[in-house]
Each structure stands twice: as C-alpha cells, then as structure tokens.
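What follows is calculated from the coordinates using simple rules that are stated; it is not laboratory data. Being a predicted model, the structure only gives us computed values, none of them experimental. For neighbour counting, all protein chains shown are included, and Cβ atoms are generated from backbone atoms with ideal geometry for every residue, glycine included.
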Amino acid sequence: MSGIIGGAGSKSGVIGTTEIDYEEGTFTAELRGQGGRATTPVLLTDAEYIKVGKLVHITCAFDNVNTGGASGQIQVTGLPFANNNSLNVSAADICLCNKLTFPDGAVPAMVVSGTTLYGNTLDHGGNSADWAMVGTTAVYLRIQATYKTP
C-alpha cells in the first residue's frame, strides 16, 4: 500500500483512497483510588492524546502530587475516548513510579476500561491483583498508554 499522508495537524490525508482520522490535544486526567478521591483531587489538566483512526495514545505525568485520602485500586480517570472493551486491555508503559507500592516480586500494570485506566499487579505466577492506592505526599506516576476505540 502506498499513498500520501496529509501534513501534521491535518485531520485528513490519503493512503490510496482512505481518509485518515487524526486528532491531537489535551484532556484532564485524575489520579485517584477506586474507593475514593484524594482529599484535594489530583487533576492533570495538560495530559496529552493523539488519536489516529481507532488508536488513541495518551501521556500523563503526575509529578510531586499529594494522594492523601485516596484509597482502593489506583485509577486514572478522564481518558479522552472510551476503549472498545473487546479485550479490556491496553499497552501501558509506566515510565516512572514513586511512593505507589506493590507486593514484592510483582510488577505494576494498567488496563483500560471505558475512559479509565485501572492499576493491577502481576506476579511471577501470572496472578493479578488490584494495585492499591497509597495516600501520601510527593507521589510521581508517569504513564503512556495506547488503546483502541470502537
């Protein structure tokens, strides 16, 4: 397949005769626990997204935030588009994590459902569990995720 893709920022382009849906912008993400928000909600008003066709790529950088009062499974809410829910997964890369703990020998992971990323942990045996929110100060969490819309 060959063709020309319109310039950056264009919402249209051509590969053969197929129009490409392209959009980029910012959205407001919230870092919270499933059991409750932080006493002062942790909002990131400049989270970024790029949508090409049905694929959405997001970037969130929560730096030096206070999650005091939040409880339950870690969530990042407010994603700009809902996922397709067919597999209920995303390709998420946790770039930096500080003061958000998980069990020894487990690795943090995130899955997307609707417009929310949910924190899970995976151990060496392939078992998963909720990644629990820790209410504390000086929390850092940077995430990149790619998921598919309907």
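Please compute the net charge surrounding residue 44, taking Lys and Arg as +1 and Asp and Glu as -1 over other residues with Cβ under 15 Å from its Cβ.
-1
For the pair residue 24 and residue 99, what calculated FRET efficiency results from E = 1/(1 + (r/R0)^6), where r is the Cβ-Cβ distance and R0 = 25 Å, to the nearest 0.05?
0.20
What full-extension length gain, to one decimal in nm, is calculated for residue 140 and residue 64 as 0.36 nm per residue of separation minus the Cα-Cα distance?
Stretched out fully, the residue 140 to residue 64 stretch lengthens by 26.8 nm.
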